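The values are calculated or read from the model by the stated rules, or taken from the named source; none is laboratory data. All values derive from a computational prediction rather than experimental measurement. FYI the Cβ positions are ideal-geometry reconstructions off the backbone, even for glycines, and counts take in every protein chain you see.
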Amino acid sequence: MTSKRPETPLGRARTCSKLAIPVPPTHLKLCPVCHRNYPPEAEACEVDGNRLHRVCLAPVLPQAGTIVGSFELQSRIAPGICSEVWEGVRRSDGRRVILKLLRFLTNDLEAVRDLCSRFFREATAVSAIGHPNIVALLDHGLDAETGQAFLVFEHLTGETLISALKQWSMPRDLMIGLDVAIQITEGMRQVHLLGIIHRDLKPANVFLEASPEGPRVKILDFGLAKIRNTPHLATLTREMMYGTPAYLSPEQARGEEPDEATDIYCMGVLMFELFTGKLPFNGKPMHMILAHMQKAPPDPARVHPGLSPELSRIILKCMQKEKSQRYPDMSQLQKALRDFAASTFGNQP
């Protein structure tokens, strides 16, 4: 299902007179405040009156040395379906940064609208949080010359949680696993206080920054976030089934309105994988979606013999099908994890 958008159609396709083949527009206009998209000829947002910015739908493929805004690209980290991630430097002081560049691999204008909204919704969400367990957004915008949309994040050294899990073993690494889980709940507690729902919490979106005190959690990728306390963004982000099938909550699978309980369920799946090394449900995406809706998850203590029944109970409480049976908020989940850690290791982690 799609969210409400302005009645004006997005960029009516031009037609080549010789071949009679529709030619998609090369640019669209974007409202910098509510992120609604308009055809190239539009000048102002119909909702809030803001002057529209031009977004290039087919930017030149970036290369090392390309200038984007006030940053210079150095090396590509990862290609993506809707974005590319690059290492770069800020030209004014040489600070190392990570740049995320919006890309379009589709001519479906409805999909393009959605990609634009998601891209700048991430900027809105992350810039509002300002928490040590959330990746910091340093800058975002559109390159004045090319129309290339970009986000600029702090440069991190370390690895994702999904990579770390390949090296960890329970119960040997139980202490560090609990520390990571508690840090995630700390970051998500602040996210929820600001009326933001992540909707895609999973190990691949948790970065472990190397530090002398041990891994420091940085939660990544708010491109699917629902921003509840900003009416014009809440309208754009409702009634869409977004998320990753392996970590999808039952209400997400049903296309219902997400809330804090949605992230708590996803956190339960993340902890299931963190402490057992396995996912609760496997198979094709649709099979996993149906399982999250209909099947009770297996007991983590049986999946990984030796895991504490109390920790297993915490995980399963997060993964209750009924939202009212889960922890009421991230603070309560964090308290349960801290109490378990204290009973197991004393005052650590």
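A few points about this structure:
- Which listed residue is touching a Ser or Thr at 6+ places or on another chain (Cβ under 9 Å) and without any contact (Cβ under 8 Å) to a residue 24 or more places away in the chain, from Leu178, Leu137, Leu151: Leu137
- A single entry from Val60, Val97 fulfils the requirement of being β-branched (Val, Ile, Thr) and modelled with pLDDT under 90: Val60.
- Residue match in segment 200-207 (condition: among the β-branched types (Val, Ile, Thr), closer than 30 Å to Asn37 by Cβ and buried (at least 22 other Cβ atoms within 10 Å of the Cβ)): no
- Some residue of segment 107-120 being more than 30 Å from Glu186 (Cα to Cα), without any contact (Cβ under 8 Å) to a residue 60 or more places away in the chain, in the same structural domain as Ser75 (by TED's automatic domain parsing) and not in a helix (DSSP H, G or I): yes
- If you filter segment 145-182 down to residues that are outside any helix (DSSP H, G or I) and of a type in the set (Val, Ile, Thr), you find that the one that is surrounded by the fewest Cβ atoms within 10 Å (Cβ to Cβ) is Thr157.
- Restricting attention to segment 85-121 and to residues that are over 24 Å from Thr26 (Cβ atoms) and touching a Phe, Trp or Tyr at 6+ places or on another chain (Cβ under 6 Å), the residue that is surrounded by the most Cβ atoms within 10 Å (Cβ to Cβ) turns out to be Gly88.
- Scanning segment 217-247 for residues that are among the hydroxyl-bearing types (Ser, Thr, Tyr) and touching a helix residue (DSSP H, G or I) at 6+ places or on another chain (Cβ under 9 Å), we see that the one that is modelled with the lowest pLDDT is Thr237.
- Here Leu142 meets each of (1) over 17 Å from the mean Cα position of the chain (by Cα); (2) in contact (Cβ under 8 Å) with a residue 40 or more places away in the chain; (3) more than 30 Å from His304 (Cβ to Cβ); (4) surrounded by fewer than 18 Cβ atoms within 10 Å (Cβ to Cβ) with one exception, condition (4).
- Within segment 122-139, restricting attention to residues that are among the small types (Gly, Ala, Ser) and part of a loop (DSSP other than H, G, I, E, B), the residue that is surrounded by the fewest Cβ atoms within 10 Å (Cβ to Cβ) is Gly130.
- Helices (runs of 4 or more DSSP H) within segment 243-309 that include 1 or more residues within 16 Å of Ile162 (Cβ to Cβ) and assigned by TED's automatic domain parsing to the domain that holds Phe207: 260-276
- Residues of segment 281-323 that are surrounded by fewer than 15 Cβ atoms within 10 Å (Cβ to Cβ), in contact with a helix residue (DSSP H, G or I) (Cβ under 8 Å, 6 or more places away or on another chain) and either β-branched (Val, Ile, Thr) or closer than 25 Å to Gly255 by Cβ (or both): Asn282, Gly283, Pro285, Met286.
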